[in-house]
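Everything on this sheet refers to the single structure shown next.
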């Protein structure tokens, strides 16, 4: 499945693609050196948006879902990467405890994703069992999947310093639950086992602004390597600490940030002769993708917001009047699969790109969040493509070259997440 | 392309396949633990033969060829494995010097193989250039490939402790030349660079008997893990030191070994109710695959040999009357692609199976060497398959399950090569 690359993609991105391709050995070496200094997250999924004039990550998920969207051809890469990951963490491991999201039963797509993870880590050589944070599950519970197969989820069993299941003592606990509702007690103080990703990668601790601050640092380093403007791959942003949405003056900080950011984007658009109307996206600084997104083209648009209800704005966590906010440069996505707006999602295990897919939404615009109900997914032929760029092809015309570039951007965001997790590690002093 | 698995494959191998599949996590963990203690060869290709009643490696190539037989779908796995390999050896590397066979010009298949290696290591992030041991090449020489692309081979440049090309100083030198004609001076004493595989992996030093001695050790360990008879995966062998083919008594040692081995095989066949007539294969203990093979069903057959000319026997290196000999249990291959006799070749980079293919020979019997002029090659859908065994499928009926088993046997032979290289390392004392 090769996406339809619309003709508008003739701008600076094609130059970027050409430069990335010709610099491939230097880029791969640069990543190699970075990974000598920094530890990649266990697994990562990065949403990338290609505006033709700009290519940037807009969300970096450290508890990735969507492994069900990878094609079977991509699975061997995932298994091989999983082998490499385990080897580094706990080579003597026999058992892996996977802790999925708690609302497992109601989501058959997510169940298929979990099944895929079980398959990947099973084939990498681990006995994989599922433990749930849902306190309602007190006995092993068998769930049926669409294809007739079954998954069993079991209640967690905490004993002093260790977490496991009945008759199951894992070396590593792999979270596929983004902890947006806080860190459960049962996961605290597990110093005898590997808990991955670490607790501070959960959305109760993580902040988007911290991530994009790290990404900016990474983008600047990378841009220097390639001799290019980091703006081409870096979405600019501003942030506001505690915004009180009940206070009429609460949005002042947001409004002035929106204004300043739009001015900066306009300047950049002028520099590159881009005719697109600039826009910014306001997001809650915490919480997983898709939560509380609002597209703004003019700071005055926010006057209206003050008059709307909070629930409509939906920027706020339920029951809260105050939240932290990030204001980010909007990156439209000009890729389409058939007629629907599409954005690529790059999936990684350890430092390796293991696949990707398009998130497609027929009812959304090019400047809107696609990670909402109604979206669908199209697997990409990433496996054959990401690793096999074709030098000498016309920029913008070759899917393998395009996917290689997406893989580079995905890895830059993953590296940023690594920087971010190091900077926010509560136990960091211990090792210094 | 799924090979035609003939119905005769209903014997103990199907039980072995079932046991290997159900033990997958234990097997993968066992390999993981072995690789903590031992270093895998940089790359390896293993010829495997499936007799239905027995599955065994018959040749382990540490300077593998045939990367041109891997399907494009397998390449990403190779690139990922190459990345992992480089990272361990020389993470800061920019340059890789590849030293191919010297008779490059006359073999277009081999040229395509070399091009594939250049592609894999290029995409893993290295500047790859080719240096030749051929003293006739004094200037860079550009060779054209069938697909219109080109490869440039350059004369090697030796400066004190380092080897390179003009304006090219590599961190690692990768040999794809089996050194069967001896170690050239230009490769000696390169202590500042990584020379891989090491010189003692070349056929001027290596002995098949050492390899199969290590393989026997590995097979016994593995068989213990699975609770099975190691004979099911281990070809028995005997060896004779210097055999003088000019001396009428020269073949005495060979003859008595053949006799003893045939008796042992008969006993095993009886134990398992196998009706196949036992045979042994006599090979030169050194030299690459295919050189000097002779199939013998009865020790008396050798009486005839004494009467034949040496050239007919072709066991001897040109111009030599004396050679070392290994006498190995013959393993027939019962796999066929269409009507032709076929044997799988498992290809690995670092510790990872990255693909495989069938070596097919329409004019050879099931008990003969297929690695001879006239053989052809059929890529296997190994990439999708090796990592994706399907539990619950009927043994012998599922290609993925069969290929997973071949991948296990290939890795056992690779592990044996690792043991072998440690035992034969001339510099080993230095590190003790």
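So, in the stretch A:40-57, how many residues would count as being more than 13 Å from chain B (Cβ to nearest Cβ), touching a helix residue (DSSP H, G or I) at 6+ places or on another chain (Cβ under 7 Å) and under 20 Å from residue A:87 (Cβ atoms)?
Going through the stretch A:40-57 one residue at a time, the tally reaches 3.
Answer with yes or no whether residue B:21 is at pLDDT 95 or above, within 14 Å of chain A (Cβ to nearest Cβ) and outside any loop (DSSP other than H, G, I, E, B).
Numbers: at pLDDT 95 or above: no; within 14 Å of chain A (Cβ to nearest Cβ): yes; outside any loop (DSSP other than H, G, I, E, B): yes.
So residue B:21 fails the test.
Consider residue B:183 against the criteria (1) touching a residue at least 60 places away in the same chain (Cβ under 8 Å); (2) under 22 Å from the mean Cα position of the chain (by Cα): it satisfies all of them except one. Which criterion is unmet?
(1)
Among the numbered criteria (1) crowded, with 17+ Cβ neighbours inside 10 Å; (2) part of a strand (DSSP E or B), which single criterion is violated by residue A:222?
(2)
Quickly run through the stretch B:235-258 and pick out the residues that are in a helix (DSSP H, G or I), at pLDDT below 80 and farther than 30 Å from residue B:413 by Cβ.
Keep residues of the stretch B:235-258 that are in a helix (DSSP H, G or I), which gives B:248-258.
With at pLDDT below 80 added as a condition, the list becomes B:248-251.
Passing the criteria: B:248, B:249, B:250.
For residue A:60, work out the one condition from (1) within 14 Å of chain B (Cβ to nearest Cβ); (2) within 30 Å of residue A:327 (Cα to Cα) it doesn't fulfil.
(1)
Quick test for you: out of A:214, A:209, pick the one residue that is surrounded by 18 or more Cβ atoms within 10 Å (Cβ to Cβ) and under 15 Å from residue A:41 (Cβ atoms). Working first, answer last.
Numbers: A:209 fails: under 15 Å from residue A:41 (Cβ atoms).
Exactly one of A:214, A:209 is surrounded by 18 or more Cβ atoms within 10 Å (Cβ to Cβ) and under 15 Å from residue A:41 (Cβ atoms), namely A:214.
Going by the conditions given, is residue B:37 at pLDDT below 90 and either within 14 Å of another protein chain (Cβ to nearest Cβ) or in contact with a strand residue (DSSP E or B) (Cβ under 9 Å, 6 or more places away or on another chain) (or both)? Give the steps one after another, and end with the answer.
Values: at pLDDT below 90: no; either within 14 Å of another protein chain (Cβ to nearest Cβ) or in contact with a strand residue (DSSP E or B) (Cβ under 9 Å, 6 or more places away or on another chain) (or both): yes.
For residue B:37, the condition - at pLDDT below 90 and either within 14 Å of another protein chain (Cβ to nearest Cβ) or in contact with a strand residue (DSSP E or B) (Cβ under 9 Å, 6 or more places away or on another chain) (or both) - is not met.
Can you name the condition, by its number, that residue A:85 falls short on among (1) part of a helix (DSSP H, G or I); (2) more than 9 Å from every other protein chain (Cβ to nearest Cβ); (3) more than 21 Å from the chain's Cα centre (by Cα)?
Failed condition: (3).
Residue by residue through the stretch B:273-283, note down the ones that are more than 30 Å from residue B:323 (Cβ to Cβ) and surrounded by fewer than 16 Cβ atoms within 10 Å (Cβ to Cβ). So that I can check it myself, show each step before the final result.
Our first condition is that a residue be more than 30 Å from residue B:323 (Cβ to Cβ); within the stretch B:273-283, this holds for B:273-275.
B:273, B:275 - these are the residues of the stretch B:273-283 that are more than 30 Å from residue B:323 (Cβ to Cβ) and surrounded by fewer than 16 Cβ atoms within 10 Å (Cβ to Cβ).
Just need a number here: residues in the stretch A:71-82 that are under 10 Å from residue A:355 (Cβ atoms), more than 8 Å from chain B (Cβ to nearest Cβ) and crowded, with 24+ Cβ neighbours inside 10 Å.
Summing the residues that are under 10 Å from residue A:355 (Cβ atoms), more than 8 Å from chain B (Cβ to nearest Cβ) and crowded, with 24+ Cβ neighbours inside 10 Å in the stretch A:71-82 gives 2.
Out of the residues in the stretch A:92-110 that are within 12 Å of chain B (Cβ to nearest Cβ) and over 14 Å from residue A:175 (Cβ atoms), which is surrounded by the most Cβ atoms within 10 Å (Cβ to Cβ)?
Taking the stretch A:92-110 first, the residues within 12 Å of chain B (Cβ to nearest Cβ) are A:92-96.
Next, only the ones that are over 14 Å from residue A:175 (Cβ atoms) stay: A:92-95.
Numbers: A:92: 10, A:93: 21, A:94: 15, A:95: 19.
The extreme case among them is A:93.
For the stretch B:111-146, which positions are away from chain A (no Cβ under 12 Å) and in contact with a helix residue (DSSP H, G or I) (Cβ under 8 Å, 6 or more places away or on another chain)?
In the first step, residues of the stretch B:111-146 are kept if they are away from chain A (no Cβ under 12 Å); the result is B:111-115, B:117, B:130-146.
Selection gives B:112, B:113, B:115, B:117, B:130, B:133, B:143, B:145, B:146.
Within the stretch B:98-217, which strands (runs of 3 or more DSSP E) (wholly inside it) include 1 or more residues that are out of contact with any strand residue (DSSP E or B) (no Cβ under 8 Å at 6 or more places or on another chain)?
Values: elements: B:127-132, B:141-144, B:150-155, B:157-159, B:162-164, B:172-176, B:194-196.
Passing ranges, in order: B:157-159, B:162-164.
Suppose we keep only residues that are within 20 Å of residue A:217 (Cβ to Cβ) and in contact (Cβ under 8 Å) with a residue 24 or more places away in the chain within the stretch A:13-34. Which one would you say is surrounded by the fewest Cβ atoms within 10 Å (Cβ to Cβ)?
Looking at the filtered set, the residue picked out is A:26.
Hey, residue A:381 hits all of (1) at pLDDT 70 or above; (2) surrounded by 19 or more Cβ atoms within 10 Å (Cβ to Cβ); (3) closer than 20 Å to residue A:349 by Cβ but one; which does it fall short on?
(1)
Could you please find all residues in the stretch B:338-358 being surrounded by fewer than 22 Cβ atoms within 10 Å (Cβ to Cβ) and part of a strand (DSSP E or B)? Steps first, answer last, please.
Of the stretch B:338-358, the ones surrounded by fewer than 22 Cβ atoms within 10 Å (Cβ to Cβ) are B:338-340.
Within the stretch B:338-358, just B:340 meets the criteria.
The values are calculated or read from the model by the stated rules, or taken from the named source; none is laboratory data. Bear in mind that the values here come from a model prediction, so they are computed numbers and not experimental data. Note that each Cβ is placed from the backbone with ideal geometry, even for glycine, and that neighbours are counted across all protein chains shown.
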